[in-house]
Amino acid sequence: MVLQYYLLLRSVLRTKPPLRQCLVRCRHCRIFFLTHPCNAGRKDLGCPFGCRRAHRKQQSTLRSVAYYRDPIGKEKKRALNGKRAKPKSDADRPAVRPAALESGSARWNRLMLEYVRMLVSLIEARSVSRTEIVQMLQRVLRQHSLGRRREIDHALIWLQEHPP
Ligand SMILES: [Zn+2]
């Protein structure tokens, strides 16, 4: 999959040499990807294939750990826990559903969708809407056989569970 991605990336860069300046490397998994021209040359970016989201989550966890560690935060946490103690059945918690299993446009990973939208806009040198991207992706997926589609879905689910 990564090899296919790199072959595609190379052919895109061959046909659109100005996009070379947008080529950056993920600071976490070192994969190459294209970024928006305003981020060109940066070395502190996370790729949109999982690292960005995983590390954003990690940062917010670190922030809340630091927050609850200080005495005022602790007091607030205690108050929160007191409030939370009343309705404790599992039914109250929202069910967590993998994004890839949802139907319609909600099925698409938002970050990925935005990335594809930016890429297509850059490559085609015009502004492309998210709806247009969803329609395009649906068209592409329809062309694949069911078996191939399952393979992609499995790969996407796997990628979401194990960010590179
Ligand atoms: Zn990465």
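Tell me which of these CYS38 doesn't satisfy, since it passes every other one: (1) part of a helix (DSSP H, G or I); (2) closer than 26 Å to LEU13 by Cα; (3) touching a Pro at 6+ places or on another chain (Cβ under 7 Å).
(3)
For the stretch 21-41: of the residues being exposed (fewer than 12 other Cβ atoms within 10 Å of the Cβ) and more than 10 Å from the ligand (Cβ to nearest atom), which is nearest to MET118 (Cα to Cα)? Full working, then the answer.
Let us first name the residues in the stretch 21-41 that are exposed (fewer than 12 other Cβ atoms within 10 Å of the Cβ), namely 30, 38, 41.
Now restrict to residues that are more than 10 Å from the ligand (Cβ to nearest atom): 38, 41.
Details: CYS38: 12, GLY41: 17 Å.
Top of the filtered list is CYS38.
Which residues, counting only those in the stretch 58-101, are of a type in the set (Lys, Arg) and modelled with pLDDT of 85 or more?
ARG63
If I ask for residues that are surrounded by fewer than 17 Cβ atoms within 10 Å (Cβ to Cβ) and either among the aromatic types (Phe, Trp, Tyr) or touching a Lys or Arg at 6+ places or on another chain (Cβ under 6 Å) (or both), which ones from the stretch 42-54 would you list?
Selection gives ASP44 alone.
In the stretch 102-147, what count of residues is obtained for those that are loosely packed, with under 15 Cβ neighbours inside 10 Å, assigned to a loop (DSSP other than H, G, I, E, B) and modelled with pLDDT of 85 or more?
So the answer is 4.
Within the stretch 57-65, is even one residue open to solvent by 80 Å² or more (accessible area, probe 1.4 Å) and either within 20 Å of ILE123 (Cβ to Cβ) or hydrophobic (A, V, I, L, M, F, W, C) (or both)?
yes
The values are calculated or read from the model by the stated rules, or taken from the named source; none is laboratory data. Everything numeric in this text was worked out from a predicted model, so none of it was measured. We place every Cβ from the backbone using ideal geometry, glycine too, and count neighbours over all the protein chains shown. We work out accessible area using only protein heavy atoms, side chains counted, and drop any ligands, DNA or RNA first. Shrake-Rupley method; radii C 1.70, N 1.55, O 1.52, S 1.80 Å.
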